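First the structure, then my questions, so here it is.
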Amino acid sequence: MALRIIATGGTFDKQYDPIRGKLTFEDSHLPEILKTARLSEPAVLEIVTLIDSLDMGNEQRKSILQACRHSSENRIIIVHGTDTMTETARIIGEAGLQKCIVLTGAMVPYSVSRSDALFNLGTALMASNLLENGTWIAMNGRVLSWKDAKKDREKGMFVRTEQ
């Protein structure tokens, strides 16, 4: 059971630029993370884009969907920005791919102390091993169907839409 991890950017992959005094993208942290994670199975890493999800438009979402469609792996994790994660999940979910696709991200960049990036990625990895085909969001220690997930900005976490 091979796994594909698709990087799209988001807070997860941001790092602090001390010259400009802001968070930017240089490269994905996922190669380093996967090297030290000691996964028990092969994982293919594909970088589709590295942007903030607030800057993501329909063209980037279509590219992510195409990457999922063309993946020979049936288990896919997408590392995505949290602000528009549910929009991308909806596009993928409505496509009805017969694959287990799990979106995850971070509220604090991997490169910053006390980041939730590793925890959320670990949750997504485990979820991709246990869930049936469909599109899921794995954040904050829970897994939600794309149809039932929303980001609660006051709590700083993902919750079911009826909450």
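Tally time: how many residues in region 33-52 are surrounded by 14 or more Cβ atoms within 10 Å (Cβ to Cβ) and of a type in the set (S, T, N, Q)?
Going through region 33-52 one residue at a time, the tally reaches 1.
So, one more: I'd like the full set of residues that are under 14 Å from Gly105 (Cα atoms) and without any contact (Cβ under 8 Å) to a residue 40 or more places away in the chain, limited to region 139-156.
Of everything in region 139-156, those that are under 14 Å from Gly105 (Cα atoms) and without any contact (Cβ under 8 Å) to a residue 40 or more places away in the chain turn out to be Asn140, Gly141, Arg142, Leu144.
Could you list, ordered by first residue, the pairs with Cβ atoms under 9 Å in which the first is in region 53-70 and free of Cβ contacts under 8 Å to residues at least 40 places away in the same chain and closer than 11 Å to Glu87 by Cβ and the second is assigned to a helix (DSSP H, G or I) and among the hydrophobic types (A, V, I, L, M, F, W, C), at least 6 apart or interchain?
Asn58/Ile91; Arg61/Ile91; Arg61/Ile92
List the residue pairs whose Cβ atoms are under 7 Å apart, where the first residue sits in region 3-15 and is farther than 9 Å from Leu50 by Cβ, the second is charged (D, E, K, R), and the two are 6 or more positions apart or on different chains.
Leu3/Glu41; Leu3/Glu73; Leu3/Arg75; Arg4/Glu46; Arg4/Glu73; Ile6/Glu46; Gln15/Glu26
Next question. Can we say Asp116 is surrounded by 20 or more Cβ atoms within 10 Å (Cβ to Cβ), among the acidic types (Asp, Glu) and within 16 Å of the chain's Cα centre (by Cα)?
Answer is yes for this residue.
Let me ask you something else. Can you tell which of Ser111, Ser115 is part of a loop (DSSP other than H, G, I, E, B), under 21 Å from Val159 (Cβ atoms) and at pLDDT below 95?
Going through Ser111, Ser115 in turn, the sole match is Ser115.
Could you please tell me which pairs satisfy a Cβ distance under 6 Å, a separation of 6+ or placement on different chains, a first residue in region 23-47 that is within 23 Å of Arg61 (Cβ to Cβ), and a second residue that is in a strand (DSSP E or B) and of a type in the set (Lys, Arg)?
Partner pairs satisfying both residue conditions: Val44/Arg4.
Also, quick follow-up: Can you tell me which residue among Asp83, Asp13 is surrounded by 12 or more Cβ atoms within 10 Å (Cβ to Cβ), within 23 Å of Pro109 (Cβ to Cβ) and out of contact with any helix residue (DSSP H, G or I) (no Cβ under 6 Å at 6 or more places or on another chain)?
Just one listed residue meets the conditions, Asp13.
Conditions tested, residue by residue: (1) within 26 Å of Gln66 (Cβ to Cβ); (2) in contact with a Ser or Thr (Cβ under 9 Å, 6 or more places away or on another chain); (3) at pLDDT 95 or above; (4) not in a strand (DSSP E or B).
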site	(1), (2), (3), (4)
Ala89	yes, yes, yes, yes
Gln98	yes, no, yes, yes
Leu103	yes, yes, yes, no
Asn120	yes, yes, yes, yes
Trp136	yes, yes, yes, no
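Return yes when His70 is under 14 Å from the mean Cα position of the chain (by Cα) and at pLDDT 95 or above and no when it is not.
No, not satisfied.
The values are calculated or read from the model by the stated rules, or taken from the named source; none is laboratory data. All values reported here derive from a predicted model rather than from experimental measurement. Heads up, the Cβs are rebuilt from the backbone with ideal geometry, glycines too, and the neighbour counts pull from every protein chain shown.
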